[in-house]
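Chemist: One structure, as structure tokens, below. Some questions next.
The values are calculated or read from the model by the stated rules, or taken from the named source; none is laboratory data. If you're wondering where the values come from, they're calculated on a predicted model, not measured in any experiment. Glycine also receives a Cβ, built like all others from the backbone with ideal geometry; neighbour counts cover every protein chain displayed.
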Amino acid sequence: MLLLIAAVAACTGCKEDPLPPVDEGLKITGISIPASLNVPVGGEVILTGIGFAVNDLIEFVLTSDAGKVYTAQLTSVTGQNGTFLLPAGVTSGTYRLTVKRGTDSMVLGTVTINVVADTSIPDKPGMTVKGVVYSDGEGVPGVVVSDGVEVTVTDSKGI
């Protein structure tokens, strides 16, 4: 009987197939998604969180139309955040954000994106007022505008 117990005990430590390692996922923590972001077309977006990697993909799914999906790639990462450019075609609305790396993915949360015009307009000599007429982040050409004295028409970029 004692010999049988010793043989069983000796064989239980001889497993050839160890347990596979536990997949701990993306290990992204400290995520902070603002309720809304004002971003120009093609503008830079910074997500707060620890564990992002360059080339991670950020998927945008419009909550009102799950068929509208956009993807951006993280272009830079620090210890506290990841940066990417707003994907072409994104319009103002509420989006569910998911980060993807290989076969792993993690829902980050939802954010309302307000696509705004790029308002960095250079000064011109003699100009007293400047601005942009835009809709959904795109400049609207051919709009007559006035400061009450001068009248002008917006250019192809809505300026």
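Chemist: Would you mention how many residues in segment 66-101 are more than 25 Å from GLY139 (Cα to Cα), over 12 Å from the mean Cα position of the chain (by Cα) and not small (Gly, Ala, Ser)?
Modeler: Looking only at that region, the number is 4.
Chemist: Next up: Tell me the residue from GLY82, GLY51, GLY42 that is out of contact with any Phe, Trp or Tyr (no Cβ under 8 Å at 6 or more places or on another chain) and either crowded, with 18+ Cβ neighbours inside 10 Å or of a type in the set (Asp, Glu) (or both), please. Give the derivation first.
Modeler: Numbers: GLY82 fails: out of contact with any Phe, Trp or Tyr (no Cβ under 8 Å at 6 or more places or on another chain); GLY42 fails: either crowded, with 18+ Cβ neighbours inside 10 Å or of a type in the set (Asp, Glu) (or both).
Only one candidate qualifies: GLY51.
Chemist: Output the number of residues of segment 142-158 satisfying the condition of being over 24 Å from PRO87 (Cβ atoms), touching a residue at least 12 places away in the same chain (Cβ under 8 Å) and in a loop (DSSP other than H, G, I, E, B).
Modeler: Of the residues in segment 142-158, 6 are over 24 Å from PRO87 (Cβ atoms), touching a residue at least 12 places away in the same chain (Cβ under 8 Å) and in a loop (DSSP other than H, G, I, E, B).
Chemist: Being outside any loop (DSSP other than H, G, I, E, B), outside the structural domain of ILE159 (by TED's automatic domain parsing) and of a type in the set (A, V, I, L, M, F, W, C): is that true of VAL90 here? Steps first, answer last, please.
Modeler: Details: outside any loop (DSSP other than H, G, I, E, B): no; outside the structural domain of ILE159 (by TED's automatic domain parsing): yes; of a type in the set (A, V, I, L, M, F, W, C): yes.
In short, no.
Chemist: Output the number of residues of segment 123-141 satisfying the condition of being of a type in the set (S, T, N, Q) and loosely packed, with under 11 Cβ neighbours inside 10 Å.
Modeler: Filtering segment 123-141 down to residues of a type in the set (S, T, N, Q) leaves 128, 135.
Remaining after also requiring loosely packed, with under 11 Cβ neighbours inside 10 Å: 128.
Matching residues across segment 123-141 total 1.
Chemist: I've got another one for you. Looking at (1) over 20 Å from PRO34 (Cβ atoms); (2) outside any loop (DSSP other than H, G, I, E, B), which is the one condition that is false for PHE84?
Modeler: All conditions pass for PHE84, except number (1).
Chemist: Go through (1) at pLDDT 90 or above; (2) surrounded by fewer than 16 Cβ atoms within 10 Å (Cβ to Cβ); (3) of a type in the set (A, V, I, L, M) and name the single condition LEU19 misses.
Modeler: Of everything listed in (1) at pLDDT 90 or above; (2) surrounded by fewer than 16 Cβ atoms within 10 Å (Cβ to Cβ); (3) of a type in the set (A, V, I, L, M), LEU19 misses just condition (1).
Chemist: Can you name the condition, by its number, that VAL144 falls short on among (1) more than 24 Å from ILE31 (Cα to Cα); (2) β-branched (Val, Ile, Thr); (3) surrounded by 12 or more Cβ atoms within 10 Å (Cβ to Cβ)?
Modeler: (3)
Chemist: Can GLY79 be described as farther than 30 Å from GLY158 by Cβ, part of a strand (DSSP E or B) and out of contact with any Asp or Glu (no Cβ under 6 Å at 6 or more places or on another chain)?
Modeler: Details: farther than 30 Å from GLY158 by Cβ: yes; part of a strand (DSSP E or B): no; out of contact with any Asp or Glu (no Cβ under 6 Å at 6 or more places or on another chain): yes.
It is false that GLY79 is farther than 30 Å from GLY158 by Cβ, part of a strand (DSSP E or B) and out of contact with any Asp or Glu (no Cβ under 6 Å at 6 or more places or on another chain).
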